[in-house]
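**Q** Below you'll find the structure I mean.
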Amino acid sequence: MLDSIKAYLRIDGDQDDGLLSLLIESAKAYLRNAGVDESEKHLYKLAVIMIVTHWYENREQVTGSTPRNLPLGIKSIILQMGLGE
């Protein structure tokens, strides 16, 4: 999954591997808490990639700026998976 996300984000090198690994595990936990079981299905993988991308690209949230909610597309995927596809 790490290689897929790095390719999606167009990240070369390994300087952010620790952060990305943390974000991947956190995205999986987020989905689990939303009632979505881990899966090898493409929709699940897309949800993880989209969540990680959102969190990676919006890291300024921790600096005190206005937080951004997850995009509607991610919420829609979570809803679909939670209802059993």
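Rule-based calculations on the coordinates, nothing more; no lab input. Remember, predicted model here, so these are calculated numbers, not experimental data. Quick reminder, even Gly has a Cβ in these numbers, built from the backbone with ideal geometry, and neighbours come from all protein chains shown.
**Q** Go through 42-53, 10-21 and give me the packing order, highest mean Cβ count within 10 Å leading.
**A** Per-residue Cβ counts within 10 Å, averaged per peptide and sorted highest first, yield 42-53, 10-21.
**Q** If amide hydrogens are placed 1.01 Å from N in the peptide plane, which non-local residues have theirs closer than 5 Å to the one on I11?
**A** Placed amide hydrogens put nothing under 5 Å from I11.
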